[in-house]
Structure formats: C-alpha cells, structure tokens
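Let me begin by presenting the structure, written as structure tokens, before commenting on it.
The values are calculated or read from the model by the stated rules, or taken from the named source; none is laboratory data. Keep in mind that this is a model prediction, so the values were computed, not measured. Note that we place each Cβ from the backbone using ideal geometry, even for glycine, and neighbour counts take in every protein chain shown.
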Amino acid sequence: MVILLAAGTALVKRWERQAFDLMYRNFHHSIRPTEVVIVAIDQNSLNIFEKTNGILWPWPREYYAVINNYLYESGARVIAYDIMFSSNDIERLNVSASYSDNSFADALKQSGNVILATQMEDSSHTTNNELIQAFRCETQYVGPGKYIRNYPNLTAPIPLFQKSMLMPGAVNFSTDDDGVCRRIPLIYRYKNRIVPYMALAAVMAYSGDSLISADKQSIRVADYSVPVDTDGRVELFWYGPGGPGNTFQYVSFARLMKACQQKMMGLEPEIPADFFQGKAVFIGATAAGLLDLKTTPFSPVEPFPGVEIYATLFSNIVRGEYIHHMSNEWWTVFALALLMWLCYSWQSLKVWRATIVSLIAFLIPPGAAICFFQYHLTFIPVIQSELALILTVIAVLVVNYLTEGREKAQVKKVFNRYLHPAVVETLTQNPENVEMGGKEIEATVVFTDLQGFTGTSELFSPQQIVELLNEYFGQVEDIIFRNNGMLDKYTGDGIMAIFGAPIESEDHAFQSARAVVDFRSLSKMTIEKAGKRVNLVTRVGVNSGRLIVGNIGSPNRMDFTAIGDTVNLAARLEGVNKIYKTQNLISESTYQLIKDRMVCREIDYIRVKGRDAALKIFTIIDEIEKVDNKTKEMLSLHNTALNLYRQRNFKDARNHFEKILQLVPDDPVAQVFISRCGQLLKNAGLIDDNGIFNITVK
C-alpha cells in the first residue's frame with residue numbers, strides 16, 4: 001500500500017518515465033514501418049538550393065507544388081506538411097508571390113489528400129488567419145468533452161490554401177513535466193471547430209473517414225482504435241532513434257525535386273514513382289538550423305525531428321502497435337511474490353546467502369521489464385518494484401536488529417578492539433566457526449618494524465613511549481585497513497598484517513604493495529613528544545604464498561592468526577632491510593604477482609637458513625604510472641650495475657653504482673654495493689659461483 005501511494009508522487013512518476021526512456025534507448029524494437037515516407041527538408045537540400053538556384057529559406061511555394069504533384073501522381077495516399085503556410089509567399093525576381101501561392105493551391109486542390117499544419121495558440125497570441133467556413137473534409141467528433149483541448153487562438157494556413165487542402169492538422173508539441181515528449185493529445189477545438197492532431201488527421205485521410213468517436217478507453221477513426229488515458233492522450237510507441245537511416249524511410253527534398261525534374265524531362269527518375277504508392281508522406285524540416293528538433297526518449301542518442309513524431313504516431317495507429325502498462329492488480333501479485341521470497345530468505349538463510357537472493361530479486365524487475373517490453377510492448381513499473389524491495393529489506397533488517405542485532409552489536413563492540421572487523425563479522429554471523437583449526441589459503445604477509453626505535457625509546461619516559469606508539473600505530477592501522485588488510489598482531493614496535501584473509505582476495509599482493517608505498521610516506525613523517533621530534537622510519541618485509549589461517553590456541557583462549565613458512569620468510573625479510581639499508585623488501589613470489597602494476601627494484605640473492613635455493617629479493621618503488629623519468633634512469637643504471645656485479649666485473653659494477661649516486665646522492669642500495677664491490681676487489685672469495693654474497697639470513 002505504501003508503494004502504491006508513493007507511485008503516485010511526481011518524483012516516482014518521473015523516475016519511472018526515465019526508466020522507460022532507458023528501455024527504449026537500449027532495447028528498442030528493430031521495426032521499420034513501411035507505410036510512411038518522410039520527405040526531409042535537410043541541410044543538404046538547403047545547401048543545394050542556395051548554391052544552384054540562389055534560393056534561401058523559405059523556399060518558393062511553387063517548389064511544393066512540383067513536389068505535391070509528383071507525390072499525387074505517384075499514388076501517395078495522404079500528404080501531410082509539417083510546415084506553417086500562415087502568410088503569403090514573398091516576392092522574388094523570377095517569380096511573383098501570387099503565382100507561387102496559386103501554383104501550390106492548384107496542386108493541393110488537384111491531389112485532394114493534403115493536410116496542412118495548424119498551430120493552436122493560447123491567449124498570449126493573436127489569431128493568424130481564421131478558419132474558413134468549411135474544408136474539403138470537416139471533422140466530426142462524438143465523445144467525452146474532456147478529451148478536447150480548447151484554444152482561443154490559432155495560426156492557420158492562408159485562406160487560399162485552406163480552400164484547397166483536405167483538412168488542417170494540429171502541430172502542437174506536448175511534453176511531460178520533465179520536457180520529454182511521451183504522450184500526445186489528439187483532439188483540439190477552436191470556436192466549435194474540431195482540429196485533429198496532425199497524425200490523427202493523416203489517419204482520417206488514409207482511411208477516408210471524417211468521424212472521430214470516443215469512449216472512456218479509446219478514440220476511434222474508421223476501423224482504428226487508439227487507447228488513451230483519462231485526459232484523452234495517447235502514449236507513443238517509439239520504434240527507434242530519429243533521423244535518416246534509423247527507423248523510417250527518408251527522402252531528401254532536393255533529391256525528390258531532382259526526380260521531379262527528371263520525370264518532366266522524360267527521363268527515368270532516380271526515385272521510382274511506385275516508391276510512394278499507397279504511402280503516407282510527411283514533409284518537414286530535419287535541418288538543425290530550422291529549429292524543429294524535439295525532445296523524446298531518444299534525444300540523448302540522436303536528434304529527433306518533429307516530423308517523425310507524427311510519422312511515429314501515424315504508424316502506431318495504422319499498425320495497432322501501442323504501449324501497455326501492467327495493471328496495479330497484476331503488479332501487486334508480482335510484487336508480493338517477490339517480497340515473500342525475500343522475507344523468507346532473510347529470516348531463514350545466512351546473511352551472505354540472503355544477500356545473494358536479494359541481489360537476484362533486485363535483478364528480476366528490470367529483467368522482467370525488458371522481456372515484457374520486447375515481447376508484449378508492456379511496461380512493468382521498475383522503480384516502483386525496486387522501491388518495494390528496498391523497503392522490504394530495510395524492514396527485515398530493522399526487525400533482525402531489534403531481535404538478534406542488539407546482541408551481535410554488543411559482541412562486535414567488545415571484540416572489535418582486538419580483532420579485524422571482518423573477523424568479528426564472520427564470528428558473529430557464524431558462531432560455529434569459533435573452533436580450533438584453520439585452512440590453507442593463498443595470501444600475502446607483511447611485517448613492519450621501527451628503525452632504531454630502541455635508541456629512540458631511551459629519550460622518553462615509559463608513558464611517553466606508550467603515547468608515541470599509540471599515535472604511530474593509529475596511522476599504521478589506517479594504512480592496513482585502507483588497503484583491505486587484516487592487522488594480525490602487534491610485535492612490540494611493529495605489526496604483522498595479512499592481505500587476503502580472513503576474506504580471500506586475488507588482489508592480495510597488490511593490496512600489500514600499496515600499503516608498503518603508504519608506509520614509505522609514513523616514514524617521512526615525524527611525531528613530536530615532550531618537545532622532541534622523532535623520525536619514524538618503518539621497515540617492511542613482504543612475502544606471498546600458501547599459509548594456514550584460523551583460530552589457533554587453546555580451548556580457553558585462541559587467536560585468529562596465520563602460520564607457516566610464508567609467514568616466517570616475511571618476518572626474516574623485514575630484518576634483511578638492515579643489511580641493504582632499504583625500507584621494504586619483498587620476495588620473488590610477491591614480485592611475480594605485482595610486476596605488471598608496480599615498479600620494483602631487484603636487490604640481490606640471499607640464502608635463508610633452512611632453504612637450499614637462493615632467494616631473489618626486490619624493493620617496491622611505486623605504481624607504474626607514478627614513476628618519474630629520473631627514477632627510471634636510476635633503475636636502468638642499477639640493472640646494468642647488477643648484471644656487471646653478477647658477472648664478477650666488480651670494477652665496472654662499482655663505477656655504475658657510483659653513477660647512481662651522482663643521480664640520487666643518498667641512494668642506500670648503491671652505497672651498499674659500492675662498499676661490497678670494494679671488498680670483493682680485495683677478496684673475490686666473498687662471493688660464490690652463483691654470484692651470491694656470503695650472507696645467510698637466520
């Protein structure tokens with residue numbers, strides 16, 4: 001009931017209409033009505049007539065006379081002009097205005113099936129050309145008076161043309177409150193004279209019937225029944241984007257004029273005469289400069305010529321293709337079935353499963369709407385359905401919170417002080433997981449340590465040390481959590497963090513790499529305590545691989561943590577930073593996972609106690625797109641120097657490392673290798689056959 005009431009609000013109605021517009025733009029029908037041809041007054045025609053004939057817009061009426069005669073002789077069933085002929089033609093050097101007007105009037109009289117545009121005006125305008133006493137076809141109307149739009153004034157064709165045309169057609173542009181044309185009134189009145197909408201007038205000429213009848217649900221002409229709303233408006237069914245090559249058959253006015261000339265010269269016209277046989281021909285402007293482009297659901301995709309609106313509605317009527325809307329009764333049944341399924345899911349299933357069900361439920365209304373639109377031309381209220389689902393989920397969550405939620409919130413409040421929020425969430429949602437044991441996963445482990453903190457701690461009292469560490473760890477925690485890591489434990493003045501647990505992630509190595517870059521920024525910061533400034537240089541060790549995570553401990557006290565060789569190696573790499581004076585070191589396994597997204601500097605091979613194979617280590621520089629040319633030059637020099645070093649060409653290697661110091665004077669890695677090359681030049685036995693310096697990490 002709440003949703004049905006909300007559906008009546010202007011905001012929801014607007015959202016619903018915009019959803020329908022998206023449906024048209026993305027899932028429009030590939031229908032090309034063949035009973036209509038549009039003769040376009042396009043930019044090409046304007047250019048041709050100006051260049052070849054020196055004729056500017058507006059064109060002489062005799063042009064339309066030639067075109068009209070050709071269309072009539074070609075068997076066009078109805079001809080409708082979306083052009084205002086409300087004033088006499090202008091005088092030109094080669095033809096008089098009266099001759100031009102009379103030529104067009106004679107053509108109208110001869111064909112007898114022409115509809116001319118008439119603009120219905122409000123009280124702010126004055127009437128331009130009164131309607132004559134009777135047209136060749138006077139419209140009769142029998143039906144509810146509320147369907148008629150009354151206007152005190154109008155702009156009509158000149159009397160000469162009124163006497164020759166079949167009937168007038170109203171060309172008022174109607175939009176919804178958001179400025180988009182979707183619904184069109186069909187019947188207008190001026191001083192007791194009925195003026196049908198241009199498309200409806202074309203249907204009357206097409207069928208040969210002058211009577212319009214109506215009831216509560218439809219307006220009828222001959223055998224055609226048009227469904228309308230309570231205000232007598234018909235909703236257009238748009239076939240596709242506007243303009244040439246999209247929906248309707250288009251013919252350029254200049255090309256049609258050329259065909260007319262070819263026929264008069266006894267030549268075969270390039271547009272066959274039977275092309276227009278039995279068709280309704282709408283003539284109107286498509287050139288942007290003539291300001292007849294309208295706002296429709298397709299306007300964000302293609303400009304929509306106003307003349308195509310009449311062609312669209314005409315095709316809707318003669319083809320019997322209309323948009324329908326699901327009734328409130330059927331929608332209520334549809335919505336209740338979805339809501340009951342959703343409520344059952346949230347009450348009976350685990351949270352993650354209920355979430356999946358909810359996502360599926362949210363996809364059903366748009367999916368059903370697309371199917372019904374494609375196969376039945378029926379709109380299902382998508383926004384209304386989604387609002388019902390949202391309110392249902394909110395209501396269920398509120399109920400759950402008022403019952404079980406309060407207890408879980410209290411548990412979270414306590415344990416969030418000690419565990420990662422993701423772990424707490426897992427435990428509160430799945431208490432059965434609180435048991436001994438674990439599982440093996442692929443993840444990345446990070447260990448950090450504060451460089452020289454033992455000496456720094458001697459400068460402060462115990463209370464100041466605690467305050468300093470608390471302030472520092474607050475920033476460390478923010479870096480870990482910001483990059484989706486789990487803060488496993490504090491290790492004195494350092495931390496152990498895991499990326500890819502307890503929630504597994506394929507991006508765990510890259511997440512850890514971004515955290516490493518953030519730690520380097522943190523190392524540039526200082527903390528002032530008791531009038532003393534302390535530089536907090538954070539050293540980091542990173543390793544990726546298989547490890548065991550889970551609740552480890554005793555039945556009375558346990559900890560969610562990780563164990564395994566992957567963890568041990570990460571801790572050892574943190575300590576190796578002291579040897580190379582680096583701020584971060586990563587293993588080759590981590591490097592392989594991030595090398596396509598991060599720039600890393602290869603450092604060396606080391607031997608780790610308990611491992612036979614040497615381990616290649618790297619240091620992270622930054623994300624690829626953030627590395628400047630100076631750093632790239634330094635890395636190129638470093639790679640060359642490292643290759644020379646491993647080829648035992650220690651002299652040239654040292655020279656290249658010295659070039660690095662010229663480029664980056666304080667580069668610690670280059671300083672380490674310069675010193676090492678000096679030692680090796682004195683004693684080459686310090687390096688083995690594999691190019692590994694005699695360092696073993698314990």
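A few notes on this one:
- Filter pass, Ile83 being touching a strand residue (DSSP E or B) at 6+ places or on another chain (Cβ under 7 Å), under 24 Å from Ala254 (Cβ atoms) and touching a residue at least 12 places away in the same chain (Cβ under 8 Å): yes
- Residue check for Leu166: assigned by TED's automatic domain parsing to the domain that holds Val228, touching a Leu at 6+ places or on another chain (Cβ under 9 Å) and within 29 Å of Phe298 (Cβ to Cβ): no
- Flag if Tyr322 is surrounded by fewer than 19 Cβ atoms within 10 Å (Cβ to Cβ), touching a helix residue (DSSP H, G or I) at 6+ places or on another chain (Cβ under 7 Å) and closer than 30 Å to Val171 by Cβ: yes
- Extreme residue, nearest to Asn577 (Cα to Cα), among residues of the stretch 506-527 that are modelled with pLDDT under 85 and touching a helix residue (DSSP H, G or I) at 6+ places or on another chain (Cβ under 7 Å): Leu522
- For first residues located in the stretch 195-214 and in contact (Cβ under 8 Å) with a residue 60 or more places away in the chain, partners that are assigned to a strand (DSSP E or B) and charged (D, E, K, R) and lie 6+ apart or on another chain with Cβ distances below 6 Å form the pairs Ser213/Arg220.
- Any hit, the stretch 43-55, residues being assigned by TED's automatic domain parsing to the domain that holds Thr296 and assigned to a loop (DSSP other than H, G, I, E, B): yes
- Residue count, the stretch 436-457 (criterion: out of contact with any Gly (no Cβ under 7 Å at 6 or more places or on another chain) and of a type in the set (Gly, Ala, Ser)): 3
- Considering Glu16, Glu73, the condition of being within 30 Å of Cys371 (Cα to Cα) and acidic (Asp, Glu) is satisfied by Glu16 alone.
- Positions within the stretch 589-606 being crowded, with 19+ Cβ neighbours inside 10 Å and charged (D, E, K, R), in sequence order: Asp604
- Test result for Phe460, out of contact with any Cys (no Cβ under 6 Å at 6 or more places or on another chain), surrounded by fewer than 19 Cβ atoms within 10 Å (Cβ to Cβ) and in a loop (DSSP other than H, G, I, E, B): yes
- Elements of type strands (runs of 3 or more DSSP E) contained in the stretch 81-169, each with 1 or more residues being out of contact with any Phe, Trp or Tyr (no Cβ under 7 Å at 6 or more places or on another chain) and surrounded by fewer than 16 Cβ atoms within 10 Å (Cβ to Cβ): 140-142, 148-150
- First in the stretch 469-498 and at positive phi, second anywhere and part of a helix (DSSP H, G or I) and modelled with pLDDT of 85 or more, Cβ under 6 Å, 6 or more apart: Asn484/Gln511
- Single residue of Thr247, Thr230, Thr296 found to be touching a residue at least 24 places away in the same chain (Cβ under 8 Å), in the same structural domain as Tyr151 (by TED's automatic domain parsing) and in contact with a strand residue (DSSP E or B) (Cβ under 9 Å, 6 or more places away or on another chain): Thr296
- Within the stretch 177-276, strands (runs of 3 or more DSSP E) holding 1 or more residues that are within 36 Å of the chain's Cα centre (by Cα) and either of a type outside the set (Lys, Arg) or surrounded by fewer than 16 Cβ atoms within 10 Å (Cβ to Cβ) (or both): 183-185, 224-227, 233-235, 249-252
- Only residues that are surrounded by fewer than 16 Cβ atoms within 10 Å (Cβ to Cβ) and without any contact (Cβ under 8 Å) to a residue 12 or more places away in the chain were counted across the stretch 353-382, and they come to 9.
- One residue alone among Lys630, Lys698 is modelled with pLDDT of 90 or more and charged (D, E, K, R), and that residue is Lys630.
- Every residue from the stretch 609-657 that is touching a helix residue (DSSP H, G or I) at 6+ places or on another chain (Cβ under 7 Å), in a helix (DSSP H, G or I) and crowded, with 17+ Cβ neighbours inside 10 Å: Met634, Leu637, His638, Ala641, Leu644, Tyr645, Phe650, Ala653, Arg654, His656, Phe657
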